[in-house]
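Peer 1: Have a look at this one before I ask anything.
The values are calculated or read from the model by the stated rules, or taken from the named source; none is laboratory data. In this text, all values refer to a predicted model and were calculated from it rather than measured experimentally. Every residue, glycine among them, receives a Cβ derived from its backbone with ideal geometry; neighbour counts consider all protein chains shown. Just so you know, the surface numbers come from the protein's heavy atoms only, side chains and all, with ligands and any DNA or RNA stripped out. Shrake-Rupley method; radii C 1.70, N 1.55, O 1.52, S 1.80 Å.
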Amino acid sequence: MARTDPARELASTLEQLTNHPDPNASVDTAIAGLARVDGWSSEFFLVLFELIRRCEIVEVEIRRLPLDEDVKTDSVRSIHRMKTYLNQKQIVNQKIAQAKSSLGGQNITILKMLSSQVRENISYEHLIPEQRDELLADVRALIGWLHQQQDQDTDFIRQALIEGLQSFEFRLDRLSWFGAGYVIDGLKDVLHAYLALQGAIPEVSNGDELITAMLMKTKAFMGKAVKAFNFAKGASEDTGWVLQAYGAASALHDGSETISGLLGG
């Protein structure tokens with residue numbers, strides 16, 4: 001299976017954006033259409049924020065590469081130009097044709113050229129549509145099952161599990177081009193809720209059977225998700241946005257007792 005990296009993902013995203021069939025379409029409309037969200041909704045801002053954040057992540061990775069200083073400077077300047085463009089308020093008035101100078105052309109070429117070197121430090125599986133569809137079916141089934149359960153003692157935790165899983169579903173379904181790091185990171189809230197649910201067992205007089213079922217189903221799903229993405233364990237410590245999620249989910253899958261330490265803040 002092919003592996004991908006943050007630079008390649010950003011290049012792919014910007015290509016989809018700047019290759020919009022209507023060059024006169026506004027940039028915000030193109031972004032909303034790409035992620036299938038309403039323009040300027042909370043989901044839209046989530047997508048826009050992640051585009052900006054991805055630029056920052058790639059910039060960090062490029063600074064780490066053993067490049068000649070002039071090449072590194074030009075590359076970082078290119079990333080900064082993209083980030084600044086996406087971060088401006090005037091983006092609502094910009095057309096795709098105008099955006100290409102900042103988000104397309106040689107900026108995308110630079111990302112593609114450096115992708116293989118970035119991948120030496122951090123890489124992960126690029127899911128094929130069949131794998132993505134299977135995970136989406138699994139997470140939706142688990143969300144549906146959790147909605148059907150009623151237990152006053154654990155209702156808050158159950159809702160936290162649902163919201164975390166919905167975040168994972170949104171990332172996998174609407175922002176799938178960002179790949180494993182971003183998607184798996186969406187499970188952090190699920191992991192926190194899982195730990196809270198695990199800790200609730202001694203406090204609950206009734207419903208132990210339901211709690212056990214919730215724990216087993218959640219653990220099985222997250223174990224499957226981590227296995228599907230098959231992270232490269234040799235990624236650098238600076239890429240904690242992936243490693244933290246990988247380490248925490250792997251600890252859960254393996255039954256480690258150190259999971260709470262891996263979750264961080």
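Peer 1: Kindly establish whether ARG8 is touching a Ser or Thr at 6+ places or on another chain (Cβ under 9 Å), farther than 21 Å from LYS95 by Cβ, at pLDDT 90 or above and open to solvent by 70 Å² or more (accessible area, probe 1.4 Å). Before the answer, list the steps.
Peer 2: Details: touching a Ser or Thr at 6+ places or on another chain (Cβ under 9 Å): yes; farther than 21 Å from LYS95 by Cβ: yes; at pLDDT 90 or above: yes; open to solvent by 70 Å² or more (accessible area, probe 1.4 Å): yes.
Criteria met by ARG8.
Peer 1: Within the stretch 131-150, identify whether any single residue is assigned to a loop (DSSP other than H, G, I, E, B), more than 20 Å from the chain's Cα centre (by Cα), modelled with pLDDT under 95 and not basic (Lys, Arg), and answer yes or no.
Peer 2: yes
Peer 1: As an exercise: evaluate PHE49 against (1) under 28 Å from PHE168 (Cα atoms); (2) out of contact with any Gly (no Cβ under 9 Å at 6 or more places or on another chain); (3) touching a residue at least 12 places away in the same chain (Cβ under 8 Å) and give the number of the one condition it does not meet.
Peer 2: It is condition (3) that PHE49 fails.
Peer 1: With respect to the numbered conditions (1) touching a residue at least 40 places away in the same chain (Cβ under 8 Å); (2) surrounded by 15 or more Cβ atoms within 10 Å (Cβ to Cβ), which one is the sole condition not fulfilled by PRO23?
Peer 2: Single failed check for PRO23: (2).
Peer 1: Can you say whether ILE122 is within 18 Å of ALA11 (Cα to Cα) and at pLDDT 95 or above, as far as the supplied structure shows? Outline the logic, then answer.
Peer 2: Details: within 18 Å of ALA11 (Cα to Cα): yes; at pLDDT 95 or above: no.
Spelling it out, it is not the case that ILE122 is within 18 Å of ALA11 (Cα to Cα) and at pLDDT 95 or above.
Peer 1: A follow-up question, please. Would the stretch 209-230 turn up any residue that is at pLDDT below 75, under 24 Å from LEU10 (Cβ atoms) and open to solvent by 50 Å² or more (accessible area, probe 1.4 Å)?
Peer 2: yes
Peer 1: Output the number of residues of the stretch 173-194 satisfying the condition of being without any contact (Cβ under 8 Å) to a residue 60 or more places away in the chain, more than 13 Å from VAL226 (Cβ to Cβ) and open to solvent by less than 10 Å² (accessible area, probe 1.4 Å).
Peer 2: The number of residues fulfilling the criteria is 1.
Peer 1: Counting just the residues of the stretch 77-127 that are surrounded by 15 or more Cβ atoms within 10 Å (Cβ to Cβ) and of a type in the set (Val, Ile, Thr), which one comes out nearest to PHE229 (Cα to Cα)?
Peer 2: Out of the qualifying residues, it is ILE122.
Peer 1: When the stretch 33-43 is examined, which residues are found to be over 11 Å from LEU175 (Cα atoms) and surrounded by 12 or more Cβ atoms within 10 Å (Cβ to Cβ)?
Peer 2: The answer is GLY33, GLY39, TRP40.
Peer 1: Check whether at least one residue in the stretch 41-53 is of a type in the set (Asp, Glu) and closer than 22 Å to TYR182 by Cα, and report yes or no.
Peer 2: yes
Peer 1: Can you pull out the residues in the stretch 136-166 that are open to solvent by less than 40 Å² (accessible area, probe 1.4 Å) and either farther than 17 Å from ASP189 by Cβ or not aliphatic (A, V, I, L, M) (or both)?
Peer 2: Result: LEU136, GLY144, GLN149, ASP151, THR154, ARG158, GLY164.
Peer 1: Going by the structure shown, is SER75 farther than 13 Å from ALA99 by Cβ, modelled with pLDDT under 95 and out of contact with any Cys (no Cβ under 6 Å at 6 or more places or on another chain)?
Peer 2: No.
Peer 1: Go through (1) open to solvent by 50 Å² or more (accessible area, probe 1.4 Å); (2) of a type outside the set (D, E, K, R); (3) without any contact (Cβ under 8 Å) to a residue 60 or more places away in the chain and name the single condition CYS55 misses.
Peer 2: CYS55 satisfies every listed condition except (1).
Peer 1: On the basis of being open to solvent by 20 Å² or more (accessible area, probe 1.4 Å) and either touching a Leu at 6+ places or on another chain (Cβ under 6 Å) or under 19 Å from GLU15 (Cα atoms) (or both), does THR73 make the cut?
Peer 2: no
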